[in-house]
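What follows is calculated from the coordinates using simple rules that are stated; it is not laboratory data. Given the structure is predicted, the values throughout are model-derived calculations rather than measurements. Glycine also receives a Cβ, built like all others from the backbone with ideal geometry; neighbour counts cover every protein chain displayed.
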Amino acid sequence: MRVRAAVAESPGAGITIAELDLEAPRRGEVLVRMRAAGICQSDVHVLDGWMPAPFPLVLGHEGAGVVEAIGADVSRLRVGDHVVLTIAPSCGVCGYCLEGRPNLCDLAWNLSGRGGLFDGTPRFSRRGGPVHQFSFTSSFADAVVVPDAAAVALSDEVPFDVAALFGCAIVTGVGAVVNTARLRAGSTVAVIGCGGVGLSVIQGARIAGARRIIAVDVQSAKLERAAQAGATATVQAGSDEAAAAIKELSPGGVEYAFEAVGLPGTIRAAWDALGRGGTAVVVGLTRSDAEVALPAFDFVREKRILGCYYGSARPGRDIPMLVDLYRDGRLRPEVALEHAIGLDEIEKAFARMRTGEAGRTIIRL
């Protein structure tokens, strides 16, 4: 079948809207007719060359749609199901999967950067040549074929614009709180960076029962959204001032600091904002060559730093649970939404992302 998709031809070259051929799903795969896709900072990082990837490439990894066709041996999903795409499909049989850490699945980790599905090849092509898929998904297209493990069914009561966010921003941010940090109720929290993921961290901390949530960002518009998400205090500061500003509001430092930017300076600020026994969680995606220096004596103070990929999530368990929180009114994804556009406007949306504009952009497909 023929589909329209946003194709990145090479790093730094921008995006073109092109017609591609999409192969039918093979064994263990499903074809999803996309309805909405969110634009995440990770898409910008790939397009701008921060992250290595094969090109040409259909970007997008946060999306929702309807199952239109299924391949052989697919029993978990049916035609007509509403689904959220996930960048963390898992094989179910490797050591990481068996110990309950499917976000670190051997098969998915070894293949995710190669631009194909579980057999290593993409389902998009153009004039006989392959067009690669991003993190198994590629949601910036009218339709996409993905492994069935990369699609999680959800209630058709959830609007597609909202459902798309569950595939990345929400599961990453809330998961960082409840899965990675295992935040204790009554704790003090700082969140550095209040984009889509940071706002989800704030909501996760609120739901988990944090008594104080300090949101830090350089943009006042993002801090306004942070307050709507549940921050009890906001600080407009860069990485150099962030730790001191947090400690003014929480003398002695906070118990948990979440970094949702992905820069060495903000990671260090999260560390410096901790009190004794505190935990820093690095949620933001960094450049592959970035390094962070930490004062070794702080480990005597029992400070800890944790890495976080995709909210340490089990997508098949966590995404439905998060949808239930949304339906109960406890989780409000719409706080992050600002723009809804068509596929042809995607370049303008990327330009807004590079300026650090506050809200999330959703592409309606």
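Distances between every pair of Cα atoms in the chain, grouped in 20 Å steps from 0 to the bin holding the largest one, split as 32, 58, 11, 0 percent. Here the 3J(HN,Hα) profile of the range 106-123, calculated from phi with Karplus coefficients 6.51, -1.76 and 1.60 at θ = phi - 60°, is 4, 4, 5, 5, 6, 10, 5, x, 9, x, x, 9, 5, 8, x, 10, x, 9 Hz, Gly and Pro shown as x.
Quote the FRET efficiency, to the nearest 0.05, computed for E347 versus F299 with a Förster distance R0 of 56 Å and r equal to the Cβ-Cβ distance.
On the way: r = 46 Å, r/R0 = 0.82.
E between E347 and F299, to the nearest 0.05, is 0.75.
Here the label points at R211 and D289, each 7 Å from Cα along the C-beta direction, are separated by 4.6 nm in the simple model. Relative to the longest principal axis of the Cα atoms of the chain, the long axis of helix 239-249 lies at roughly 50 degrees. Counting only alpha carbon atoms, the long axis of helix 315-327 and the longest principal axis of the chain meet at about 70°. With each label modelled as a point 7 angstrom along the Cα→C-beta vector, the D106-A185 pair spans 4.0 nm. Full extension of the chain segment joining V93 with R276 gains 62.0 nm, where the gain is 0.36 nm per residue of separation less the Cα-Cα distance. Note on S155 and D328: the model spin-label points, each 7 Å out from Cα along the C-beta direction, lie 1.2 nm apart.
Between R354 and E248, what FRET efficiency comes out of the Förster formula 1/(1 + (r/R0)^6) with R0 = 30 Å and r the beta carbon distance, rounded to 0.05? Mind dumping the intermediate values first?
Details: r = 31 Å, r/R0 = 1.04.
Approximately 0.45, to the nearest 0.05.
Using the 10 angstrom Cβ neighbour count as an exposure proxy, how do R182, R225 rank, fewest first?
Ordered from fewest to most neighbouring Cβ atoms within 10 Å, R182, R225 come out as R182, R225.
Projecting the Cα atoms of S125, A69, G12 onto the dipole axis of the range 1-125, where Lys and Arg carry +1 and Asp and Glu carry -1 at the beta carbon, places A69 farthest toward the positive end. Sequentially through the range 48-58, phi angles give Karplus couplings (6.51, -1.76, 1.60; θ = phi - 60°) of 8, x, 5, 10, x, 7, x, 10, x, 9, 8 Hz, Gly and Pro residues having no value and appearing as x.
Looking only at GluC sites (Glu not before Pro) in DSSP loops with at most 16 other Cβ atoms within 10 Å, what is the longest site-free stretch of the chain? After excluding every exposed loop site, the longest remaining stretch is 158-290.
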